[in-house]
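K.L.:
Quick one: this structure, given as structure tokens, is what I'll be asking you about.
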Amino acid sequence: MAVPQAARRFDVEDSKHRCVRFRKRILEISQTVTALHIGGSFSCLEMLDTIYFGLMRRDGPSPDTFILSKGHGSMAQYVVLEELGILSRADLALYSKPGGRIATHPDYGTPGIEASTGSLGHGLGMALGMALADKVAGIDRHVYVVMSDGEMQEGSVWEAMMLAPSLKLTNLIAFLDLNDFQSLGQTSKILPNFYPVRDKVTAFGWEAAEVNGHDAQAVYQAVQARKGSVPFLLIGRTVKGKGVSYMEHVPMWHYRSPSPEEYQRALQELDGGELR
Amino acid sequence: MRDAFARALYQFAKQDPRIFIIVADISPAGSMAQFRTEFPERFVNVGVAEQSMIGMCAGLAMRGCRPFAYTIATFSIYRPFEYVRDDLCYQNLPVTVVGIGGGVAYSTLGGTHHAQEDIAMMSALPNMSIVAPCDPRETEAAVGACVRHGGPVYLRLGKAGEPDLTANALEPFQFGKLRLLKEGSDVCLLSYGPMTALAFEVAARLEAEGCSVAVMTCPTLKPLDTEGLVRVLRRFHTVVVVEEHSERGGLAVQVKALAWESGASCRLETFSLKDAFIHFFGTQRQMWGEHGLTADAIYTRIRA
């Protein structure tokens, strides 16, 4: 089956610049709240950028759908939606504040948010329903879902993983933000049998590819190169807290905001050049 | 009732391409065959995977479909409770979750298959509506209400073989309204679901003694017809609630609360399932009896 080409050219250099800007914007907002899940937002940023700016068809009568199933990474989605003009600067200024309309987890009904997530293990099931409706109606549209490795420990994810290929939902493209961390520590130590993920996913009937999740070019190419005869999972190996040295691989940055001094240090690092 | 449900859903699905049925490996096989044959793409068996059943229904509804999730009541709402809450109620989506075997209908299958707290649980969820028809005919009308309703509904059904109780009903089924099945002036017996049959039996015994007894159903447990209930509490000198649900959080306690709030002066007697897991196996009637719910017991207390 031929995979439709993306609606636009995906410029990887532009993506790199955007992701630096996104990180700085998330850091800026972090100074207005005590916590905002910064680590998991930074780990999935390149994948979200690639989806929104490279893969998704965002206009026309049946635009593609994006669900951030790892809802705690919402800051990554909010800054993308701000860049696209779907959320405003004022919306982000009121993040988690009275009178605002965005907060820790994506809320259905907010512009650009197509499902309420935050409780892990819900996004893929809802995506299956959307993809099934489109398939039955003969609508050419893709549903993109981003999950976390901690999330994949939920039984509901594996229910949906088993079901999607049975329903031949080739219009479903999922992403795994494999940053090897969950709230209380390193996934590979807490649940070593979670690995290798790719074998399990393909055993469930999915097509899967594994790349460096911070390499937008690799993410983009892996999705574009899929055969597309079954649902597809892109496993992105990522770094929690990616881009700020003192945050990388440190569980504390799952949630908390940097102090003013830490904030300045993070900005300097991001200004200092490309991501390592 | 499950056959009536399947027949009604098929009739609506013929006219309305938005209707899907997503089952978790439980389905009224014979009566659903026509739906499966004619609309195979709108009948999906997700396997024994209730969380995915509910999640998928949410996704379908987000695309404008009108999905029905279907399995045994304990599995349709207890197992995937958080999916019902977050995916359906929090997002306020038009999905009907059908629970077969509400109450203790699966009377030989043990407590794992008894939904005796389901109305309490679903009542506590914002945006959720609850419909519990009393017989096959009321089930068919209820399916139409579910298709038309704009939010989540828990459709609590019995099983199979329920008698027709509404052929001579004095009022039609209306979503959100009490329904007068039999007129009377002294006592009002108020019930819902298959246990309404018991209310009719008690009514017959009381009428044989010259008492005038009305029988009403309350097929919509949420939103409750509070105005209708207050009128009932004012009109009759004795109001009796008979329900196949735990004494915690069902219709009985809600009627008691309304009686207090409305300053009712009638006599109010309620009969519910016990707040207990009863390790008993027998017919559904016998199971009701183990919970103290027999026509004799109800009659005796009303006459006391």
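K.L.:
Which of B:Glu269, B:Glu201, B:Glu41 ends up with the largest GNM mean-square fluctuation for chain B, with Cα atoms connected below 10 Å?
P.N.:
Of B:Glu269, B:Glu201, B:Glu41, the Gaussian network model singles out B:Glu41 as fluctuating most.
K.L.:
About its Cα centre, what dipole magnitude does chain A give when the only charges are +1 on Lys and Arg Cβ and -1 on Asp and Glu Cβ, stated in debye to the nearest 20?
P.N.:
The calculated dipole for chain A is roughly 140 debye.
K.L.:
Could you tell me what a quarter of the Cα convex hull surface of region B:179-303 works out to, in nm² with one decimal place?
P.N.:
Here the figure is 7.3 nm², rounded to one decimal.
K.L.:
For the pair A:His17/B:Gln34, report the inter-label distance in nm, with labels modelled 7 Å from Cα in the Cβ direction.
P.N.:
A separation of 6.4 nm, rounded to one decimal place.
K.L.:
Sort region B:2-156 into rounded, prolate or oblate with this rule: let a ≥ b ≥ c be the square roots of the eigenvalues of the Cα gyration tensor; rounded if a/c is under 1.5, and if a/c is not under 1.5, prolate when a/b is larger than b/c, oblate otherwise.
P.N.:
rounded
K.L.:
Counting only protein heavy atoms and rolling a 1.4 Å probe, how much accessible area do A and B lose on contact, total for both sides, in Å² to 100?
P.N.:
By this definition, chains A and B bury close to 2000 Å².
K.L.:
Which whole-number percentage describes the relative contact order of chain A, with Cα contacts under 8 Å and a sequence gap of 6 or more?
P.N.:
24
K.L.:
In terms of the Cα gyration tensor, with a ≥ b ≥ c the square roots of its eigenvalues, is region B:241-304 rounded because a/c is under 1.5, prolate because a/b exceeds b/c, or oblate?
P.N.:
Cα axes put region B:241-304 in the oblate bin.
K.L.:
Cross-link list B:Lys14/B:Lys159; A:Lys200/B:Lys222; B:Lys159/B:Lys222; B:Lys222/B:Lys274; A:Lys24/A:Lys168: which exceed 32 angstrom alpha carbon to alpha carbon?
P.N.:
The answer is A:Lys200/B:Lys222; A:Lys24/A:Lys168.
K.L.:
Run the paramagnetic zone check for B:Cys211: 7 angstrom along Cα to Cβ, then residues of region B:254-288 with backbone nitrogen under 11 Å.
P.N.:
Flagged as within label range: B:269.
K.L.:
Using only C-alpha positions, report the orientation-averaged shadow area of the convex hull of region B:70-188, nm², one decimal.
P.N.:
Quarter of the Cα hull surface area: 8.1 nm².
K.L.:
Which one, B:Tyr154, B:Tyr70, B:Tyr78, has the greatest fluctuation when you compute a Gaussian network model over chain B with C-alpha springs under 10 angstrom?
P.N.:
The residue with the greatest mean-square fluctuation here is B:Tyr78.
K.L.:
Can you give the FRET efficiency for B:Gln174 and A:Ser259, using 1/(1 + (r/R0)^6), R0 = 51 Å, r = Cβ-Cβ distance, to the nearest 0.05?
P.N.:
For R0 = 51 Å, the calculated efficiency reads 0.25.
K.L.:
Could you tell me whether region A:118-203 comes out rounded, prolate or oblate from its Cα gyration tensor? Rule is a ≥ b ≥ c as square roots of the eigenvalues, rounded for a/c under 1.5, then prolate if a/b exceeds b/c, otherwise oblate.
P.N.:
prolate
K.L.:
Once you've got the GNM for chain A with C-alpha springs shorter than 10 Å, pick whichever of A:Tyr255, A:Tyr246, A:Tyr52 has the biggest mean-square fluctuation.
P.N.:
With Cα springs under 10 Å in chain A, the top fluctuation among A:Tyr255, A:Tyr246, A:Tyr52 is at A:Tyr246.
K.L.:
Note down the magnitude of the dipole of chain B about its Cα centre, charges +1 on Lys and Arg C-beta and -1 on Asp and Glu C-beta and zero elsewhere, to the nearest 20 debye.
P.N.:
I would put it at about 420 debye.
K.L.:
Here's a follow-up. Rounded to two decimals, what is Rg over Rh for region A:160-205 when you use alpha-carbon atoms and the Kirkwood radius?
P.N.:
Taking Rg over the Kirkwood Rh, I get 1.06.
K.L.:
Magnitude of the Cβ-charge dipole of the protein assembly as shown, K/R +1 and D/E -1, about the Cα centre, nearest 20 debye?
P.N.:
460
K.L.:
Continuing with this model, one more query. Label points 7 Å out from Cα along the Cβ direction at B:Ala257 and A:Arg9: separation in nm?
P.N.:
6.4
K.L.:
Describe numerically, in nm with one decimal, the distance between label points set 7 Å from Cα along Cα→Cβ at A:Lys189 and at A:Arg89.
P.N.:
In this crude spin-label approximation the distance works out to 4.3 nm.
K.L.:
Which one of B:Ala259, B:Gly176, B:Gln91 has its Cα pushed farthest toward the positive end of the charge dipole of chain B, where Lys and Arg give +1 and Asp and Glu give -1 at the Cβ?
P.N.:
The listed residue farthest towards the positive side: B:Gln91.
K.L.:
With unit charges on the beta carbon (Lys/Arg positive, Asp/Glu negative), name the residue among A:Ala222, A:Val12, A:Val79 whose Cα is farthest towards the positive pole of the charge dipole of chain A.
P.N.:
Of A:Ala222, A:Val12, A:Val79, it is A:Ala222.
K.L.:
Please give the length that would be gained between A:Leu267 and A:Val250 if that part of the chain were fully extended, namely 0.36 nm times their separation in residues minus their C-alpha to C-alpha distance (nm, one decimal).
P.N.:
Computed gain between A:Leu267 and A:Val250 is 4.3 nm.
K.L.:
Related question: Using the Karplus equation 6.51 cos²θ - 1.76 cosθ + 1.60 (θ = phi - 60°), what ³J(HN,Hα) coupling, rounded to whole Hz, does each residue of region B:149-154 give in order, writing x for Gly and Pro?
P.N.:
3J(HN,Hα) across region B:149-154, in whole Hz: 5, x, x, x, 9, 9.
K.L.:
To one decimal place, what orientation-averaged projected area in nm² is obtained for the convex hull of the Cα set of the protein assembly as shown?
P.N.:
28.6
K.L.:
Using only atoms on other chains, find how many Cβ atoms lie within 10 Å of each Cβ of peptide B:43-55 and report the average.
P.N.:
The shielding value for this peptide is 6.
K.L.:
Still on this structure: At a threshold of 8 angstrom on Cα-Cα distance, excluding pairs fewer than six apart, so keeping six or more, what relative contact order does chain B reach in percent?
P.N.:
16
K.L.:
Expressed as a fraction of 2.2 N^0.38 Å, the rule-of-thumb size for a compact globular protein of N residues, what is the C-alpha radius of gyration of chain A?
P.N.:
0.94
The values are calculated or read from the model by the stated rules, or taken from the named source; none is laboratory data. Note that the structure is a prediction, hence the values are computed from the model and not measured. Positions of Cβ are backbone-derived with ideal geometry, glycine not excepted, and every protein chain shown enters the neighbour counts. Each accessible area value is taken on the protein alone, full model and side chains, heavy atoms only, with ligands, DNA and RNA left out. Shrake-Rupley method; radii C 1.70, N 1.55, O 1.52, S 1.80 Å.
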